[in-house]
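S.K.: Encoded as structure tokens, here's the structure I'll be asking about.
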Amino acid sequence: LKAALHNQALHLLRKKVKDEEIPYFVVDQFTPAKNYYKYLEGQKNIVNDIKFTTKGESKSPAVALASILARYVFLKKMEELAAYTGYVLPLGANEKVNQIIDRIVKEKGEAFLGKIAKINFKNTKKYQESLQETLF
């Protein structure tokens, strides 16, 4: 998902800016380049003119700014999701998150959890596994 969102953002930016204005993009490396492109297999409009760098925020003001903006948008979206669900939604992968998952499923059902959470995340998988153990 993260690779797809990066690629989409870079593709949309590439459409707005001439190649000679931005000869390549700098991306903070969150996975090796080989994996990044593997995650994009089957996607349209794959951007290839990328330089991946570790600790990109400390090497590029643009990467630092992008990181700040992305965090801001993420926190705003989490606020919106909390308002939609009616729950305070803790961040991270910890016991508080597990407790809210349990509460949401008990009060609103597992289908509701599927609407608001990434089911393949560690906490959600852990919850589903514990539910299976309880049933059997």
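The values are calculated or read from the model by the stated rules, or taken from the named source; none is laboratory data. All values derive from a computational prediction rather than experimental measurement. Glycine also receives a Cβ, built like all others from the backbone with ideal geometry; neighbour counts cover every protein chain displayed. For accessibility, only protein heavy atoms count, side chains too; no ligands or nucleic acids. Shrake-Rupley method; radii C 1.70, N 1.55, O 1.52, S 1.80 Å.
S.K.: Which count do you get for residues in the stretch 18-45 that are surrounded by 10 or more Cβ atoms within 10 Å (Cβ to Cβ) and over 21 Å from F74 (Cβ atoms)? Don't jump to the end; show me each part of the working.
M.R.: Here is the first cut: in the stretch 18-45, the residues surrounded by 10 or more Cβ atoms within 10 Å (Cβ to Cβ) are 22, 24-33, 35-40, 43, 45.
Keeping just the survivors that are over 21 Å from F74 (Cβ atoms) gives 22, 24, 32-33, 35, 37-38, 40, 43, 45.
Final tally of qualifying residues: 10.
S.K.: Quick one: count up the residues across the stretch 1-17 that are open to solvent by 70 Å² or more (accessible area, probe 1.4 Å) and either more than 22 Å from P61 (Cβ to Cβ) or not aliphatic (A, V, I, L, M) (or both).
M.R.: Qualifying residue count for the region: 5.
S.K.: While we're looking at this one, here's another question. Tell me yes or no: at least one residue of the stretch 100-123 is open to solvent by less than 40 Å² (accessible area, probe 1.4 Å) and at pLDDT below 80.
M.R.: yes
S.K.: Right, next: Quick check on the stretch 7-27: of everything there that is in contact with a helix residue (DSSP H, G or I) (Cβ under 8 Å, 6 or more places away or on another chain) and not in a loop (DSSP other than H, G, I, E, B), which residue is farthest from Q43 (Cα to Cα)?
M.R.: Only one residue tops the list, namely V26.
S.K.: So, one more: Could you count how many residues in the stretch 71-90 are part of a helix (DSSP H, G or I) and either among the β-branched types (V, I, T) or open to solvent by less than 60 Å² (accessible area, probe 1.4 Å) (or both)?
M.R.: 5
S.K.: A further question on this structure: Among the residues of the stretch 13-45, which ones are of a type in the set (A, V, I, L, M) and within 18 Å of the chain's Cα centre (by Cα)? Lay out the reasoning, then the answer.
M.R.: Narrowing the stretch 13-45 to residues of a type in the set (A, V, I, L, M): 13, 17, 22, 26-27, 33, 40.
The answer is V27, A33, L40.
S.K.: Out of the stretch 63-120, which residues are more than 20 Å from the chain's Cα centre (by Cα) and hydroxyl-bearing (S, T, Y)?
M.R.: The answer is Y87, and nothing else.
S.K.: Residues being under 16 Å from K51 (Cα atoms) and at pLDDT below 90: count how many of those fall in the stretch 1-13.
M.R.: 0
S.K.: May I ask you to list pairs of residues, at least six apart or on different chains, whose Cβ atoms are under 6 Å apart, with the first in the stretch 46-65 being surrounded by 13 or more Cβ atoms within 10 Å (Cβ to Cβ) and the second being small (G, A, S)?
M.R.: F52/A33; E57/A64; E57/S67; V63/G56
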